[in-house]
Amino acid sequence: MRRFLLLLPFLTAYSLTAATPVVVDVCVYGATPAGITAAIAAKQEGASVILIEPSRWVGGILGAGIKTKQDCPEPRAVGGLTQSKIFTFANFPSLLRRDFEQWLTDEKIDLIREHRIQSATKDGTKITSITLEHAPPDHEGIPIPQALPGSEEKTITATIFIDASYEGDLMAKSGVTYSTGREASSEFNEQPAGVGPPTNWTPIDPYLSPGDPTSGLVPLVDPDHGKPLGSGDDYTQAYNFRFYTTNDPANRAEFGVPTNYTRAQFELVGRFIEHLKKQHADDPKKLTERLRAIFPGWMNSGEYNYQRNSLITMAPLGLSRYYQDGDYAKKSEIWRAHRDYLAGLHHFMSTDPRVPETFRNQTAQLGLKRDTHPDTNGWPHQLYVRITRRMHAPYQLTHADVLNQTNEPDSVGLALYGVDTYPARRYVAKHPETGQIGVATEGNMFIGGAKGTGTPYPVPYRSITPKPEQCTNLLVPVCFSATHIAYASARMEPVFAVLGESAGVAAAQSVKESKPVQSIDIATLQKRLLQRGQVLEWKKSQ
């Protein structure tokens, strides 16, 4: 087996000149939990490894708000490094990042930070190297649109590459095809797929000049694209920050006011608040509850998350569709738009006279909890990117897999959550019975949800490998092959981490066998995964 040519110790930030060759067995892109388990597993299996992280922080969304066992209704279905290590880590974001950092140090994993993929070079179906550009995130953790001018590029040569990023950028730049958006329900015989019925319909006039459609729509409302139920489209479920707040001046970082803020941007919020005040005029407690659903949102295990049952909440709708297949400039723009929306909403709820005075004053005292993310002034360093690209692979997970209606033999881990999608859009909608014009959301589903699917189901190895005619030395444990519906079930961090470890073991095996990733011996792989404690099959007696 070829060994790492540079005998360098673990470094907080890997420092290499453009001319310095980096040649390894396995290159892992993305220090998400999946990337970390992939790198550690490959190293433990005897491969030389380099781990690349575009940001400065490790742990992905687990280091930015999500808890280790969150979205894990059946922990016994999770094995390997995820069970033995990640599940033992602290659950506060800064401590979780500390634990991931220490783990990487203990395993002597070489890490390059603040570099993202610029291009991939291929020889036929094989990636020979990738070129990285220096693009450190800004002071609030937001990716910058362009690499730093004049910065030197870095080239990584490897036998096997693993794309463990949330965006699948290495996969995309390697010429592997993928899907984005929502498939039609008829495409894969998935009853819940595609455009869904309106939810949270509210009798709010959506027009700039009330009653006048020719005046245009107020901000935060999309026109209805008019596609029938079950149709496919380019929308995908909402993203948001999982953030912590405090009113303690000693630990409070101000949300601030976006430079482009205007009250008019939040006119829909004002109209919604006026509606809520009328609806709950005799129930101040309920009114406060509904206002909190707008901002700061639903408190989930200490941090705030999206409130599904509110027309308006702490996350913008309709923006994620531009992020999922965008270039770096577009991704930076959409990430910043999420940040500015949250800060702008806080300012609106703190200052607009339509907000009840008591709630307005309480909201004004809230800021971001500085000690949660001290490097970024309280802002989470990771946007909760729930779904982006989904690879085209020899096997595609569908709703049938989620329902345990399939029986594939090449399992490399189990998925265990129900179909969980947040709204994809907020749009002009007629009341289904009266025909009255109002505003509604669409796309929210929680089928099985936290109770899971009833029976954890296998993720086949063939769903994390590209089609062999497209690429033969790439594994994709995060942006794996699945429909929008199936991915909405399998997309949870414990599953990603499990698949990351399996990808790392498969990568090392591919190097040892000198075979394409699609051609390695599956029985050998599964035997080794079981020896490492992975759970590949769910038995009712477990």
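Structure values in brief
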item: Flag if K154 is of a type outside the set (V, I, T) and more than 25 Å from the chain's Cα centre (by Cα); result: yes
item: Breaking point among (1) touching a strand residue (DSSP E or B) at 6+ places or on another chain (Cβ under 9 Å); (2) in contact (Cβ under 8 Å) with a residue 24 or more places away in the chain, for K430; result: (2)
item: Filtered residue count, segment 169-187, keeping only those that are out of contact with any Ser or Thr (no Cβ under 8 Å at 6 or more places or on another chain) and surrounded by 22 or more Cβ atoms within 10 Å (Cβ to Cβ); result: 5
item: Helices (runs of 4 or more DSSP H) contained in segment 246-344 and holding at least 2 residues among the aliphatic types (A, V, I, L, M); result: 267-279, 284-294
item: Residues being of a type in the set (G, A, S) and in contact (Cβ under 8 Å) with a residue 24 or more places away in the chain - total across segment 520-542; result: 1
item: 3 or more residues at pLDDT 95 or above and either more than 15 Å from G500 (Cα to Cα) or in contact with a strand residue (DSSP E or B) (Cβ under 9 Å, 6 or more places away or on another chain) (or both): qualifying helices (runs of 4 or more DSSP H) within segment 12-117; result: 33-44, 93-106
item: Residue count for segment 315-344, restricted to those that are surrounded by fewer than 20 Cβ atoms within 10 Å (Cβ to Cβ), without any contact (Cβ under 8 Å) to a residue 40 or more places away in the chain and closer than 22 Å to A293 by Cα; result: 1
item: Subset of segment 355-404 (residues that are touching an Asp or Glu at 6+ places or on another chain (Cβ under 6 Å) and not β-branched (V, I, T)); result: G367, W379, H399
item: Conditions (1) closer than 24 Å to E74 by Cα; (2) over 23 Å from the mean Cα position of the chain (by Cα): number failed by V511; result: (1)
item: Residues of segment 155-168 classified as crowded, with 24+ Cβ neighbours inside 10 Å, of a type outside the set (A, V, I, L, M) and either not assigned by TED's automatic domain parsing to the domain that holds G35 or not in a loop (DSSP other than H, G, I, E, B) (or both), total; result: 2
item: Where a residue in segment 227-243 is more than 14 Å from R426 (Cβ to Cβ) and its partner, wherever it lies, is at pLDDT 95 or above and acidic (D, E), with Cβ under 8 Å and at least six apart; result: K227/D233; G232/E183; G232/E187
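The values are calculated or read from the model by the stated rules, or taken from the named source; none is laboratory data. Quick caveat, the model's predicted, so the values are computed rather than measured. Neighbour counts are summed over all protein chains in view; Cβ atoms, including those assigned to glycine, are modelled from backbone coordinates with ideal geometry.
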